[in-house]
Amino acid sequence: MRDFDEHNITQAVIDRFAGTPDARLKRILNSLVTHLHDFIRDVEPSFSEWEAAIGFLTRTGQMCDDKRQEFILLSDTLGVSMLVDAINHRLPAGATETTVLGPFFVAGAPEFANGADISGGLTGEMLFVEAKIAAADGTALPGAVVDVWQSDDDGFYDVQRTDLTDAALRGRFRADAQGRIWFRTIQPAAYPIPYDGPVGEMLTATARHPWRPAHVHFMIAAPGYETLVTHVFAAGDQYLDSDAVFGVKNSLIREFTHHPAGALPDGTTSDGPWRHLTYDFGLKPLAQQQAA
Ligand SMILES: [Fe+2]
């Protein structure tokens, strides 16, 4: 076939993929070509706009290295990451809602015993965290592996701070016989996603801000259950309704309550005022995922 025009070229490209052996790949490519061509017919880009788009995507790729993933940031800020998350986590009652992994998770974080302080010497308002890990039906999950990570009180993760050589404000805990973990840390602050790259240009050009509301990340794994990736957000944060990556869900917001110096829930004491976060997590059984 020859003489392609703006009306018949879409079907011609789809036909060219007709011999794709992998049925899933073929379906994805057909849909991609259909939507991409419809998008182009809709906006009718000039050549300079097409070149600008190619340049933007090129710079997005060039911004990526082993510490910076600009394409995930682009996916996050366009709401694509949360859409993929939603499609893949249709949850049963009692299961904790999920949200984005984000770019600051580090595999192999240091292991801590319950009650440990993960602040790594960083100063801030003391935060005592207690969590309960259970199945969606409420059955406690002793031995569940819980990774936690968070920003400091200036909104930076340890991997963003060139002055730190060791991990800080991240760690791995194991749930006790009642499915509980508890630890000391500092109150996290709201922070901007990295905006010194192409995604930042996009946010600036569209009058959007780069901020995320303060939160603590949790990743919880237990045999027989879908690994839960989520955050708990601090109630009252000014960015809860405008999170740059669309990650906030009402069920994930908690008060980080204020308390005067004195006894902590684990029987130790705090010399100064402290804040308290509690959250009961529910994990989705794997069998339900496979049946879905
Ligand atoms: Fe985060």
In the chain the DSSP beta bridges are antiparallel at a rate, in percent to nearest 5, of 70 percent
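Which order do peptides 54-61, 37-44 fall in by mean Cβ count within 10 Å, highest first?
On the way: 54-61: 12.8, 37-44: 11.0.
Ranking the peptides 54-61, 37-44 by packing returns 54-61, 37-44.
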Computed for the chain: size of charge dipole around the Cα centre, +1 on C-beta of each Lys and Arg, -1 on C-beta of each Asp and Glu, debye to nearest 20, value 800 debye
For the range 25-184, with +1 on Lys and Arg beta carbons and -1 on Asp and Glu, the positive-most of THR60, PHE39, ILE28 along the dipole: ILE28
Using 18 Å as the cut-off for backbone N distance, which residues of the range 121-142 belong to the label zone defined by a point 7 Å from the Cα of THR268 along Cα→Cβ? 121-132
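Students often check this: by mean Cβ neighbours within 10 Å, which of 151-162, 85-96 ranks highest, and how do the rest follow? Please list the in-between numbers first.
Numbers: 151-162: 16.9, 85-96: 15.0.
Per-residue mean Cβ counts within 10 Å order the peptides as 151-162, 85-96.
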Give me log10 I(q)/I(0) at q = 0.10, 0.11, 0.12 Å⁻¹ for the range 140-292, Debye formula, one equal scatterer per alpha-carbon, no solvent. -0.45, -0.54, -0.64
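Considering only protein heavy atoms and a probe of 1.4 Å, how much of the accessible area of the range 148-292 is carbon and sulfur, as a whole percent? It would help to have the intermediate numbers written out before the result.
On the way: 3450 of 6640 Å².
Carbon and sulfur: 52 percent of the exposed surface of the range 148-292.
Starting from the coordinates of the alpha-carbon atoms of the chain, obtain the Kirkwood hydrodynamic radius over all distinct pairs and give the value in Å to one decimal. It would help to have the intermediate numbers written out before the result.
Values: mean 1/r = 0.0462 Å⁻¹.
Kirkwood hydrodynamic radius for the chain: 21.6 Å.
Between VAL43 and PHE105, what length comes free when the chain is fully extended (0.36 nm per residue of separation minus the Cα-Cα distance, one decimal in nm)? Before the final figure, lay out the partial values.
Details: separation 62, 0.36 × 62 = 22.32 nm, distance 3.73 nm.
Between VAL43 and PHE105, full extension yields 18.6 nm more.
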What's the magnitude of the charge dipole for the range 143-292 around its Cα centre, counting Lys and Arg as +1 and Asp and Glu as -1 at the beta-carbon? Answer in Debye, nearest 20. 460 debye
Could you give me the percent of Cα pairs per 5 Å distance bin for the range 231-284, shortest bin first, beginning at zero and ending with the bin that holds the maximum distance? 4, 16, 22, 17, 16, 13, 9, 3
Quick one: if you stick a label point 7 Å off each Cα along the C-beta vector at PHE17 and LEU29, how many nm between them? 0.7 nm
Log10 I(q)/I(0) at q = 0.18, 0.22 Å⁻¹ for the range 198-275, from Debye over equal alpha-carbon scatterers, is -0.90, -1.01
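If I take all pairs of Cα atoms in the range 56-192, what percentage of them are more than 27 Å from each other? Don't skip to the end; give the middle numbers.
Values: 3014 of 9316 pairs.
When all Cα pairs of the range 56-192 are counted, 32 percent exceed 27 Å.
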Segment VAL84-ASP176, extension gain: residue separation times 0.36 nm, minus the distance between their alpha carbons: 29.9 nm
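Assign unit charges at the C-beta atoms only (+1 for Lys and Arg, -1 for Asp and Glu), then state the dipole size of the range 1-40 relative to its Cα centre in Debye, rounded to the nearest 20.
Values: 5 positive and 6 negative charges, 58 e Å.
The calculated dipole for the range 1-40 is roughly 280 debye.
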Considering only protein heavy atoms, what per residue accessible area in square angstrom results for the range 1-84 with a 1.4 angstrom probe? 76 Å²
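The values are calculated or read from the model by the stated rules, or taken from the named source; none is laboratory data. Since the model is a prediction, treat every value here as computed from it, not as a measurement. Methodologically, a virtual Cβ is constructed for each residue, glycine included, from the backbone with ideal geometry; neighbour enumeration extends over all protein chains shown. For accessibility, only protein heavy atoms count, side chains too; no ligands or nucleic acids. Shrake-Rupley method; radii C 1.70, N 1.55, O 1.52, S 1.80 Å.
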